[in-house]
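Right, one structure below, let's go through it.
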């Protein structure tokens, strides 16, 4: 996971995406997340355009009615031109299809109720993206919880902390099903956000890989 953030553009995309998507409801998280990835694909293709290309020509190339007019087309072009690997393209296509379904249905959407589909989407990528998403989301959620309760004063004993140690706080967490459920709901949303942000990092990684070949 850390290697995806080595390029400053990747870190910027991750931070911006995390901040924006955590403010969204579950449906908005998917809709906005896919839009951000679409923008990153545009940046990738535009980085390959010859420097002397006019703004008029640039607009014509990336006009909504052009070959680059849809996310689906951009993904297929990226695959055919060997700019992105098939596993990443397949993952992005599935996320795009989820976005399209959500955009055309009025029923409520819950990440928790569609967790199997979320896992299926991100399992399309090679490597350990799912493992990284799961690990980092757990570290964030449980780390924030422990930090918060360790700084909380006891409600009936003034001057005393609610928990004397992290082990005591974890023991409380293990016995409290309601708290565990709340943290799980937070964790799966964070996991999805991390996944989307990581896909952007992968697009940037492959963009830079191709650009280095141009420079040789």
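Overview of values
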item: Principal-axis tilt of helix 129-150 within the chain, Cα atoms, nearest 10 degrees; result: 40
item: Burial ranking of peptide ranges 156-163, 24-31, 194-201 (average Cβ count within 10 Å, highest at the top); result: 194-201, 24-31, 156-163
item: Modelled FRET efficiency - R0 35 Å, residue 184 with residue 48, Cβ distances, 0.05 increments; result: 0.25
item: Binned Cα-Cα distances of the chain, short to long, each 10 Å bin given as a whole percent; result: 7, 29, 30, 18, 10, 5, 2, 0
item: Cα-based helix-to-principal-axis angle, 166-175 vs the chain, degrees rounded to 10; result: 90
item: Net length gained if the chain between residue 126 and residue 103 were fully extended (0.36 nm per residue, minus Cα distance); result: 5.5 nm
item: Whole-Å semi-axes of the stretch 1-89's equivalent ellipsoid (Cα gyration tensor); result: 25, 16, 15
item: Euclidean distance between Cα centres, the stretch 151-216 to the stretch 1-67, Å; result: 24
item: MRE, 222 nm, helices only [DSSP H, n ≥ 4, -39500 (n - 2.57), over the chain, to nearest 500]; result: -23000 deg cm²/dmol
item: With Cα atoms, 0 to 90° folded angle of helix 8-21 axis to the chain main axis; result: 60
item: Rel. contact order, % - alpha carbon contacts under 8 angstrom, at least six apart, the chain; result: 34
item: Of 33, 132, 64, the one that fluctuates the most in a GNM where the chain has Cα springs shorter than 10 Å; result: 64
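FYI, it's all coordinate maths here, none of it is from the lab. In this text the structure is predicted, and so the values were computed from the model without any measurement. Note that each Cβ is placed from the backbone with ideal geometry, even for glycine, and that neighbours are counted across all protein chains shown.
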